[in-house]
Amino acid sequence: MRLVLLAPPGAGKGTQGARLAEIFGVPHIATGDLLREHVTRGTEIGQRIGAQLDDGELVSDDLVLDMVREAITAPEADAGYILDGYPRTMKQAIEGSAQAEALGKGAQVAVYLAADEDELERRLLQRAQEQGRGDDNEQVIRRRLQTYRRETSPVIDYYRERGLLVEVDGMQPIEAVTRDIVEKVKVLRPEESTI
Ligand code: AP5
């Protein structure tokens, strides 16, 4: 199973990514987590991107393309992957797909989680109280949503046009969202029906 999760901030990519990885027995690769790890470890990359993460701006496409190529070609991803938070720009979608397909690792399904912006803000502000993530404050949440609308929403159409898109209502309870994703993936890819 090679699946990408596309959705605005707070829609449940991380939550569903972890659950789907368990269900399909493949690694959950979240670009946001990989980038935050660099910041926490104080690597050269981390020092370069820390302010961009805090400001809710996207980091460079080339950095992300390299990072994802490395992750999906690692032995742990031999059976596939759940990619969360990528691709986020048309450049990532087009160049990333070409690179991944050349390696026999192209995505087979793209899951889009739809949710109202009011609910997204509510979830992220609640998470701010519980976890204190650096980019979960009102001003930066708005910027992340704007960036999503401008840069990432065209990527949804890219997958729709290729017949790979599965759309799920992300406003449902967490378990119902997972159930819906799995059912719709089985329709698109009957070979996964033993799951
Ligand atoms: P990233 O970490 O990907 O953040 P994001 O897209 O803003 O998404 P979030 O993690 O905030 O939300 P989510 O959709 O994962 O929801 P979650 O499951 O956590 O990216 C962070 C930054 O890294 C970016 O701003 C950018 O700077 C950089 N970056 C990352 N990828 C990049 C790329 N490809 N290119 C360039 N830059 C990149 O849920 C949120 C909350 O809601 C949780 O508290 C959860 O418990 C709750 N929740 C989830 N589902 C439900 C539900 N169904 N009902 C009720 N509550 C729910």
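A few comments on the model shown:
- Selection over the range 31-49 of residues that are under 25 Å from Glu95 (Cα atoms), of a type outside the set (A, V, I, L, M), open to solvent by less than 60 Å² (accessible area, probe 1.4 Å) and more than 7 Å from the ligand (Cβ to nearest atom) gives a count of 2.
- Of all the listed residues (Ala74, Ala18, Ala79), the sole one being farther than 20 Å from Val140 by Cβ, of a type in the set (Gly, Ala, Ser) and open to solvent by 60 Å² or more (accessible area, probe 1.4 Å) is Ala79.
- 3 or more residues hydroxyl-bearing (Ser, Thr, Tyr) and open to solvent by less than 60 Å² (accessible area, probe 1.4 Å): qualifying helices (runs of 4 or more DSSP H) within the range 90-183: 153-161
- Remark: pairs (first residue in the range 136-148, basic (Lys, Arg); second residue more than 9 Å from the ligand (Cβ to nearest atom); Cβ separation under 9 Å; 6+ apart in sequence or on different chains) = Arg142/Glu121.
- Subset of the range 51-71 [among the charged types (D, E, K, R) and either within 10 Å of the ligand (Cβ to nearest atom) or open to solvent by less than 70 Å² (accessible area, probe 1.4 Å) (or both)]: Asp54, Asp55, Glu57, Asp61
The values are calculated or read from the model by the stated rules, or taken from the named source; none is laboratory data. Here the structure is a predicted model, which means the values were calculated and not measured. Please note: Cβ atoms are built from the backbone with ideal geometry, for glycine as well, and neighbour counts cover all protein chains shown. Ligands, DNA and RNA are stripped out before the accessible areas are found, and what is left, the full protein with its side chains, is counted by its heavy atoms. Shrake-Rupley method; radii C 1.70, N 1.55, O 1.52, S 1.80 Å.
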